[in-house]
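Visitor: One structure coming up, written as structure tokens, with questions to follow.
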Amino acid sequence: MSLDRRSLFRAGGALAVAGGLTASASAVSAQGEPEAAAAAPGGLPTRNPLVEQRADPFITRPVNGMYYLTGSVPEYDRVVIRGAATLDGLADARERTIWRRPSSGKMGGYIWAPELHRIDGKWYVYFAAGDSDDPFRIRTYVLESAKDDPREGGWELKGQVVTAWETFTLDATTFSHRGKRYFLWAQHEPGIDTNTNLYIAEMASPLALKTTPVRIATPTLDWEVQGFRVNEGAAVLIRNGRVFVTFSASATDARYCMGLLTADENANLLDARSWTKTPTPVFTTNDATRQYGPGHNSFTTVGDRDVLVYHARDYRAITGDPLFDPNRHTRVQELRWNADGTPSFGVPVGKGGPVVRLSPADAPALFVRHFEYKLRVDGNVRDLADSQFRFVPGFLGAGTVAVQSVNFPDRYARVDGGVVRVDPFEDTDAYGRAASFVRAPGLTDRDGVSLRLAADQDAYLAHDTGRLAVSKPGGDRRARERATFRVS
């Protein structure tokens, strides 16, 4: 009788305690896809999506031990905040409405993309609002609260943030750098044939600009002008001697994507010449992971790890205006870094449990990755998703695991003769034996992991001069080290 993958998934596969990851069996959906409900090590969530129907998500960095989440609600009628001690806790946290649009008049139209910032001991929410008689007459407004907890009352509307033009304005963010506070936003500039460009100015206070706006990005490239000519939704991350600004472009359907601007940290950020736009998008729709239109991101942290926060849909086809499709869900995944100090976004990872990378103990600066569907060990893997995997229930029942590719989730690590590949799932006994492993504490480092072939208790996956192979290390110390992997 052939193996039934869904039956095996429903039966579950115990994940051995190793590398500090989840020790219990993964929960399994009726569709046979693993769904994790527990947090990964270090507090990184495993849920995807984290929160449903919250677009334009903004999660604060930890403030007094708490994360706070806000974002656009499908009704576009209010500002909401939820808080939790962990990112994963935001999924089930009670949500509070801190402000609701008036029933008529100014700000009585669409309410979009709130951001929550702690500045000089007070909370501020920057949000976009239209008017009741013209919901697309969008301008940027600000709320202020002196409370310690932003979910409490005490919010006061402070009015509109005035810019150089009285035009369509949205997606404001703020950041501090070298003793100055900056405002960064999207706006339609008269005389320019675009929907929105990106602008930056120094702030005189959390409520007002100090300097004349400087345009730092205009949608001109093919991937920025699909459906609409849009640069919007900026987010700032200062790392490795540079100021990085992500932004979103094109229409809000599957064509929506993210771009990147970069400036040296010592540069004059108010000089447009300081900014360089990466010529290709850095985060896009991915059919393999079934994630569509990723964008309007923010950044948070878990310990010393950077976390990418964004929204995306689970389907491509949309009926009607995509702006009114409610299913842009809040998602999070770890942001990695290239050897040259630039951010590595990978792909929107889709549903499932913790995403991990594996480094052989004998070459800890290298990573297991697939290339042309063969598993090998490389350094400076710029195609991040090629080196990302998930441990999921194995195909030989309890006690076994399979190693699933993140960017090709229909493929699993499989031993094929002397080669280890990531191959598409086959509902056969032979595939099940070749793609199932027993996950054990590392042979030379119990904080690591070793993967023994389920069909051969003496054989392990091992690093062999740049490739992943099968080895029988026995008692040889060096061979056991090559069969041990660190999990990150």
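The values are calculated or read from the model by the stated rules, or taken from the named source; none is laboratory data. The structure displayed is predicted, hence computed values, not measured ones. Glycine gets a Cβ as well: all are built from the backbone with ideal geometry, and neighbour counts include every protein chain shown. Note: accessible area is taken over every heavy atom of the protein model, side chains too, but ligands, DNA and RNA are not part of it. Shrake-Rupley method; radii C 1.70, N 1.55, O 1.52, S 1.80 Å.
Visitor: Of everything in segment 319-339, what is of a type in the set (D, E, K, R) and free of Cβ contacts under 8 Å to residues at least 12 places away in the same chain? Give them in sequence order.
Guide: If the condition is that a residue be of a type in the set (D, E, K, R) and free of Cβ contacts under 8 Å to residues at least 12 places away in the same chain, then ASP321 is the only one that fits.
Visitor: Let me ask you something else. Looking only at residues in segment 153-186 that are surrounded by fewer than 19 Cβ atoms within 10 Å (Cβ to Cβ), closer than 19 Å to ASP134 by Cα and not hydrophobic (A, V, I, L, M, F, W, C), which one is farthest from the chain's Cα centre (by Cα)?
Guide: Result: GLU166.
Visitor: Further question: Can you name the number of the only condition in (1) of a type in the set (Val, Ile, Thr); (2) open to solvent by 10 Å² or more (accessible area, probe 1.4 Å); (3) within 21 Å of ARG331 (Cα to Cα) that THR246 fails?
Guide: So THR246 meets the others, but not (2).
Visitor: Looking at segment 71-97 only, could you name the residues that are buried (at least 18 other Cβ atoms within 10 Å of the Cβ), of a type in the set (A, V, I, L, M, F, W, C) and touching a Gly at 6+ places or on another chain (Cβ under 8 Å)?
Guide: Passing the criteria: VAL80, LEU87, LEU90, ALA93.
Visitor: While we're looking at this one, here's another question. Find the residue count for segment 336-346, including only residues that are in a loop (DSSP other than H, G, I, E, B), more than 13 Å from GLN388 (Cα to Cα) and not hydroxyl-bearing (Ser, Thr, Tyr).
Guide: Of the residues in that region, 4 qualify.
Visitor: Can you tell me which of ILE216, ILE238 is in contact with a His (Cβ under 8 Å, 6 or more places away or on another chain), within 30 Å of TRP337 (Cβ to Cβ) and open to solvent by less than 60 Å² (accessible area, probe 1.4 Å)?
Guide: Answer to the check: ILE238.
Visitor: Same structure again: Within segment 294-314, is there a residue that is surrounded by fewer than 21 Cβ atoms within 10 Å (Cβ to Cβ), at pLDDT 95 or above and over 27 Å from LEU116 (Cα atoms)?
Guide: No: segment 294-314 contains no residue that is surrounded by fewer than 21 Cβ atoms within 10 Å (Cβ to Cβ), at pLDDT 95 or above and over 27 Å from LEU116 (Cα atoms).
Visitor: Any residue in segment 268-285 that is open to solvent by 10 Å² or more (accessible area, probe 1.4 Å), closer than 14 Å to PRO343 by Cβ, basic (Lys, Arg) and not in a loop (DSSP other than H, G, I, E, B)?
Guide: no
Visitor: Can I ask one more? Take segment 347-396 and flag every residue that is part of a strand (DSSP E or B), more than 14 Å from VAL487 (Cα to Cα) and basic (Lys, Arg).
Guide: LYS374, ARG376
Visitor: Yes or no: ILE200 in contact with a helix residue (DSSP H, G or I) (Cβ under 6 Å, 6 or more places away or on another chain) and either polar (S, T, N, Q) or more than 20 Å from LEU323 (Cβ to Cβ) (or both)?
Guide: Here the answer is no, as ILE200 does not meet what is asked.
Visitor: If you don't mind, another one. Could you pull out the residue among VAL355, VAL381 that is closer than 16 Å to GLU334 by Cα, buried (at least 20 other Cβ atoms within 10 Å of the Cβ) and in contact with an Asp or Glu (Cβ under 8 Å, 6 or more places away or on another chain)?
Guide: VAL355
Visitor: Which ones in segment 427-448 are part of a loop (DSSP other than H, G, I, E, B) and of a type outside the set (D, E, K, R)?
Guide: Scanning segment 427-448 gives THR428, ALA435, SER436, GLY442, LEU443, THR444, GLY448.
Visitor: Follow-up. Can you name every residue in segment 241-266 that is over 27 Å from GLY293 (Cα atoms), touching a strand residue (DSSP E or B) at 6+ places or on another chain (Cβ under 8 Å) and not in a strand (DSSP E or B)?
Guide: Selection gives GLY241, GLU265.
Visitor: Can you give me the number of residues within segment 200-238 that are without any contact (Cβ under 8 Å) to a residue 40 or more places away in the chain and more than 22 Å from PHE168 (Cβ to Cβ)?
Guide: So the count comes out to 4.
Visitor: Please list, ordered by first then second residue, the pairs with beta carbon atoms under 6 Å, 6 or more apart or interchain, first in segment 405-417 and closer than 19 Å to VAL438 by Cα, second basic (Lys, Arg) and open to solvent by less than 40 Å² (accessible area, probe 1.4 Å).
Guide: Every condition considered, the pairs that remain are SER405/ARG411.
Visitor: With TYR110, TYR68, TYR126 as the choices, which residue is buried (at least 19 other Cβ atoms within 10 Å of the Cβ), hydroxyl-bearing (Ser, Thr, Tyr), modelled with pLDDT of 95 or more and within 20 Å of the chain's Cα centre (by Cα)?
Guide: TYR68
Visitor: With respect to GLU189, determine if the residue is closer than 30 Å to ASP271 by Cα and either more than 23 Å from the chain's Cα centre (by Cα) or crowded, with 19+ Cβ neighbours inside 10 Å (or both).
Guide: Judged against the criteria, GLU189 is a match.
Visitor: Please go through segment 413-426 and pick out each residue that is in a loop (DSSP other than H, G, I, E, B) and either under 18 Å from ARG357 (Cα atoms) or modelled with pLDDT of 95 or more (or both).
Guide: Answer for segment 413-426, where residues must be in a loop (DSSP other than H, G, I, E, B) and either under 18 Å from ARG357 (Cα atoms) or modelled with pLDDT of 95 or more (or both): PHE425, GLU426.
Visitor: For segment 461-470, indicate whether the set of residues that are on the phi < 0 side of the Ramachandran plot and assigned to a loop (DSSP other than H, G, I, E, B) is non-empty.
Guide: no
Visitor: Also: Hey, ASP458 hits all of (1) part of a loop (DSSP other than H, G, I, E, B); (2) open to solvent by less than 30 Å² (accessible area, probe 1.4 Å); (3) free of Cβ contacts under 8 Å to residues at least 40 places away in the same chain but one; which does it fall short on?
Guide: (2)
Visitor: Hey, another quick one. Have a look at ASP253, ASP264 and point out the one that is surrounded by fewer than 16 Cβ atoms within 10 Å (Cβ to Cβ) and modelled with pLDDT of 95 or more.
Guide: When all the criteria are applied, what remains is ASP264.
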